[in-house]
Each structure stands twice: as C-alpha cells, then as structure tokens.
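Engineer: What follows is a single structure, and I will ask about it in a moment.
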Amino acid sequence: MKGNGTVQRDENSLAIHWFRRDLRLDDNTALNAALATGLPVMCVFIFDPNILRHLKIKNDSRITFIFDTLQKLDADLRARGSMLRIFFDAPLSVYERLFQSFNVRGIWCNEDYEPYARERDAAVAGLCKAKGAEFHAHKDHVVFAPHEVLKDDGKPYNVFTPYSRRWLARFADEPPVYHELASKGKFLPATADHQNPGLRAIGFERSAIAVPPPLFDAALIEHYSDTRDIPSVAGTSRLGVHLRFGTVSIRALAALAARLSQKFLAELIWREFYQMIIWYYPHTTKRPFRAIYEQLKFPGSEADFKAWTRGETGYPLVDAGMRELVATGFMHNRVRMLVASFLTKHLLCDWRWGEHFFAQHLLDFELASNVGGWQWSAGIGVDAAPYFRIFNPSEQQKKFDPKNIYIDRWLKNDNFFGTEARAPIVDHRFARERCLKFFSTVHP
C-alpha cells in the first residue's frame, strides 16, 4: 500500500522511517522520501520475534552483524542530533504503542518481497489506515521491482536469459541514480526516554565470525569473469551480506558493474530474477516451482545428511566447502552448486534440508536466492539445471582446485590423499544411475 506522498502536518506530527533491509543513510529511497515531507523523522528498527525464532544458533553471526551495524547507524544519527530507536517485539505491537505515544502521520519503509514480509507490511499498512496515517513502501534493494521486468503479455519470466535481456534493455533506458542523504529534511531530536535492547535481551550472543567490509573492489569486479570459479582465490566480492541488509546501495554497485564487468552484472540480475520469482510464486519457498516435482519423495537418510553437514562425505571438495561454511558463514559459489547437487542428486536428500541448513549458516542468506539456488541445483526449480546434469565431485575438484589449495586450507587435518583417506559415502557412478532412476518416475 502506498500513499500519495502528501501528509497533513501540525506542530507535533512526525514521520517514521522503518529500517529493515536498508541499513544505511545514503541512497536510501524511503528515508529520503520521509525527509522530503518536512516532518521530523523518527528512525526505527525492529528485531522481530517472528523472524528471530527461526534462528537456532545463539551466536548467529548475522544478528551480531545487524546489531553492530545498528550501533553505527545510531551513532551517525546522534551526530545529527537524532537517534535510532530499536525495539524487540512484533512490528504491529510496536506501532500500536508508537501511535499512542506520538502523532505519527505516516510510516515510510522500503519494499520487501518475501512472503512473511508482505503479510507483515499489509498488517502495518492496515493499522496506519485505521489511525488515519499513511504507509509508503518504496523500491530500494533492487534496481527493478518484480513488476518492472515482465514479458510483453504482462506475465513474469520463468527463464533467466530472456529476463536478463529485458532487464538490460530497461537498465540502458533507465540507468540507476544514486541519491545522497537529503540535506533539507530533519530528524526527530534524540531523547533519553528510550533504551535500546542489547544482544542478550533479544536472545543472542556475540559471534566471533567477522563480516568483510562493504568495499567495492573495482579491480576484482573487472576481473571477476577470470577468477569467480576458483575457490582458492579471493575472486568474489563478498558483498552478498551487505546487499542482503542494505549496507551498500544496489544502484551504486550495479552502475559500477555495468562499467567494469558484464559477468558481475549478470550475477546481480540473477538476484533480481529470484526476487521476481518469489514475488509471483511465493509457494516456491516450500514447494518446487513446477508442480510435477511435488510427487517426488526424496529417500535420502538423515545419517547421510548429517555427514554432509559435517563435511564427512569422503569427497574433498564437497567436504571443504561444508567446513568453510560452518567456520566462516561463507562458501564459494562454485562450491555451493557442487554441495547442493551432491546432497540432492548423490544422496537424494530433500532439497529443503539443505536450503534450511544454508539458511542457518550463510552470512549472505537471502530467501529468494537461497530457494532459487537450491531448486536450480536439484533440477526442480525455475530455469533449473536439468535433472540429468549431475556434477562429478572428483572432476569438479580437478577442474576448479587442481592443486588442492582450497581443499588443503579446510581439510589440513584430514589425510584425504593418504592411506587413511575417508572412503566416499557413495560411489559416483552408482549415485548417478540411482538419481536418474529416481527422476524417471516423473520423466519416464
């Protein structure tokens, strides 16, 4: 729900900017819109129990990252004479109280396309309407919103390549514009009547996992196509977590990528493709994109799944990737594709098991991309790798880590190439034939 941008004002009225996945001041679409009203802007962030209850790791590195980022954001606002009010409660309850305590004329936020976010925002928008206030949701964490890149008939794309072409054509016509923090607006002055919660108050502990800084490395982006598939080198930007939580501007990054690397830009387009898919096909968060695959009952065992999570499959590149993930919250994209394919096609474990495990551990976890990537690897999703494309882990190792540099980094305490090497959990040839037979039930 969007208002018309014109709000009624009186001496005590104010606007709220609701920070969610846009944790920055510059080039923040909704924040600039709120400031443009001329009303004092109260800045709010809400730790939502409905989201946090799904996080089972108490020292979750993403919560630590969000918490630390909020402290910096609060410091930046205090330098401007204002503050960030942080809450730990259901958003609807928070806004009920704020409406009781302040003359709120409207809430400004940036759009979020995930199913729960849409339900949450609809409820808050309904509250605003009941209170005679406005609710404004703006496009911000994508260059193009889901409805802005569609087929000629107005329907969403199901295949990436034509979507990408249409996206690039629109990008050429409407290049993104970066907007610094509006200088004419004003923030609500800081007060001493609100205490922000600490990490323990929201049920979490500090993580030791460090998040890489939000740096745009021009040289890395320029050479991305040459290095992106080599897990032993720092050839990827590590900006996924910053895009997820909005500590960097997608518009600024896309503009830079367009100048330096079409391959890097394509990765950003994949991200928006999956955002479009989750908007039009929200069922994909729990079920395959194509209904034909819902009848598949993956027979994989919990014992095999546990071995996969521990990095104990006997395939060095798979195991190195899983250990990197648990230790750092990161896994190289080439390895992500391999471990996902291995779990779903070699071990025939349900893709949802792997998707959930990644959701618990990935620093850059984003529901749309995670679901899309897992269904792609399992061969059951939109524009997926065909079910008969089954990566050979040994050949992948020879191709992308031929000198075992990456493997040695994460398996240095394992004798993978000696007389005590761990036996593979399943033979590749056997696994491949079993997988093809399994999928033949829907592809006779």
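The values are calculated or read from the model by the stated rules, or taken from the named source; none is laboratory data. All of these numbers come straight from a predicted model, not from anything done at the bench. Ideal geometry is used to build each Cβ from the backbone, glycine not excepted, and the neighbour counts take in all protein chains shown.
Engineer: Just one of the numbered conditions (1) within 17 Å of Thr285 (Cβ to Cβ); (2) buried (at least 23 other Cβ atoms within 10 Å of the Cβ); (3) of a type in the set (Asp, Glu); (4) in contact with a Ser or Thr (Cβ under 9 Å, 6 or more places away or on another chain) is not true of Asp350; which one?
Structural biologist: For Asp350, the failing item is (2).
Engineer: Also: Given the conditions (1) on the phi > 0 side of the Ramachandran plot; (2) out of contact with any Pro (no Cβ under 6 Å at 6 or more places or on another chain), which single one is not true for Gly81?
Structural biologist: Every listed condition holds for Gly81 apart from (2).
Engineer: Follow-up question, since we're still on this one. More than 24 Å from Asp350 (Cα to Cα), touching a Leu at 6+ places or on another chain (Cβ under 8 Å) and either of a type in the set (Gly, Ala, Ser) or not assigned by TED's automatic domain parsing to the domain that holds Asp408 (or both) - does that describe any residue in the stretch 277-300?
Structural biologist: The answer is no; no qualifying residue exists.
Engineer: Which of the residues belonging to the stretch 351-391 are among the small types (Gly, Ala, Ser) and more than 21 Å from Lys437 (Cα to Cα)?
Structural biologist: Gly354, Ala359, Ala368, Ser369, Gly372, Gly373
Engineer: Within the stretch 66-81, can one find any residue that is polar (S, T, N, Q), over 23 Å from the mean Cα position of the chain (by Cα) and at pLDDT 95 or above?
Structural biologist: The answer is no; no qualifying residue exists.
So that you can scan it fast, the table gives a plain yes or no per residue for (1) touching a helix residue (DSSP H, G or I) at 6+ places or on another chain (Cβ under 9 Å); (2) surrounded by fewer than 24 Cβ atoms within 10 Å (Cβ to Cβ):
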residue: Phe330; (1), (2): yes, yes
residue: Leu343; (1), (2): yes, no
residue: His346; (1), (2): yes, no
residue: Gln360; (1), (2): no, yes
residue: Phe365; (1), (2): yes, yes
residue: Ala378; (1), (2): yes, no
residue: Phe391; (1), (2): yes, yes
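Engineer: Can you find a residue in the stretch 48-58 that is in a helix (DSSP H, G or I), under 17 Å from Ala117 (Cα atoms) and in contact with a strand residue (DSSP E or B) (Cβ under 9 Å, 6 or more places away or on another chain)?
Structural biologist: Taking every residue of the stretch 48-58 in turn, at least one turns out to be in a helix (DSSP H, G or I), under 17 Å from Ala117 (Cα atoms) and in contact with a strand residue (DSSP E or B) (Cβ under 9 Å, 6 or more places away or on another chain).
Engineer: Right, something else. Only one residue in Ala208, Ala192, Ala172, Ala117 is surrounded by fewer than 11 Cβ atoms within 10 Å (Cβ to Cβ) and either closer than 18 Å to Ile250 by Cβ or polar (S, T, N, Q) (or both). Which one?
Structural biologist: Unique residue meeting the criteria: Ala172.
Engineer: Within the stretch 240-286, how many residues turn out to be over 21 Å from Arg24 (Cβ atoms) and basic (Lys, Arg)?
Structural biologist: Result for the stretch 240-286: 3.
Engineer: Output the residues belonging to the stretch 237-249 that are under 13 Å from the mean Cα position of the chain (by Cα) and over 18 Å from Leu73 (Cβ atoms).
Structural biologist: Those that are under 13 Å from the mean Cα position of the chain (by Cα) and over 18 Å from Leu73 (Cβ atoms): Arg238, Leu239, Gly240.
Engineer: Return a yes/no flag: does the stretch 428-441 have any residue that is in contact (Cβ under 8 Å) with a residue 24 or more places away in the chain, surrounded by fewer than 17 Cβ atoms within 10 Å (Cβ to Cβ) and not in a helix (DSSP H, G or I).
Structural biologist: Yes, the conditions are met somewhere in the stretch 428-441.
Engineer: Which residue pairs have Cβ atoms closer than 8 Å, lie 6 or more positions apart in sequence or on different chains, and pair a first residue in the stretch 75-96 that is in contact (Cβ under 8 Å) with a residue 24 or more places away in the chain with a second residue that is hydroxyl-bearing (Ser, Thr, Tyr)?
Structural biologist: Met83/Thr191
Engineer: Considering only the stretch 95-120, state which residues are closer than 17 Å to Cys43 by Cα, part of a helix (DSSP H, G or I) and within 27 Å of the chain's Cα centre (by Cα).
Structural biologist: Tyr95
Engineer: Of all the residues that make up the stretch 251-265, how many are in contact with a helix residue (DSSP H, G or I) (Cβ under 6 Å, 6 or more places away or on another chain) and either surrounded by fewer than 20 Cβ atoms within 10 Å (Cβ to Cβ) or in a helix (DSSP H, G or I) (or both)?
Structural biologist: 7
Engineer: Say we look at the stretch 367-376 and pick out the residues that are over 12 Å from the mean Cα position of the chain (by Cα) and of a type in the set (A, V, I, L, M, F, W, C); which of these is surrounded by the fewest Cβ atoms within 10 Å (Cβ to Cβ)?
Structural biologist: Trp376
Engineer: Kindly establish whether Lys306 is part of a loop (DSSP other than H, G, I, E, B), charged (D, E, K, R) and modelled with pLDDT of 95 or more.
Structural biologist: Judged against the criteria, Lys306 is not a match.
Engineer: Report yes if some residue within the stretch 197-211 is under 26 Å from Leu362 (Cα atoms), not in a loop (DSSP other than H, G, I, E, B) and not hydrophobic (A, V, I, L, M, F, W, C); otherwise report no.
Structural biologist: yes
Engineer: Restricting to the stretch 247-293, count the residues that are farther than 24 Å from Tyr113 by Cα and touching a Lys or Arg at 6+ places or on another chain (Cβ under 8 Å).
Structural biologist: 1
Engineer: Could you list, in sequence order, the residues of the stretch 162-183 that are more than 18 Å from Arg24 (Cα to Cα) and in contact (Cβ under 8 Å) with a residue 60 or more places away in the chain?
Structural biologist: Tyr163, Ser164, Trp167, Leu168, Phe171, Pro175
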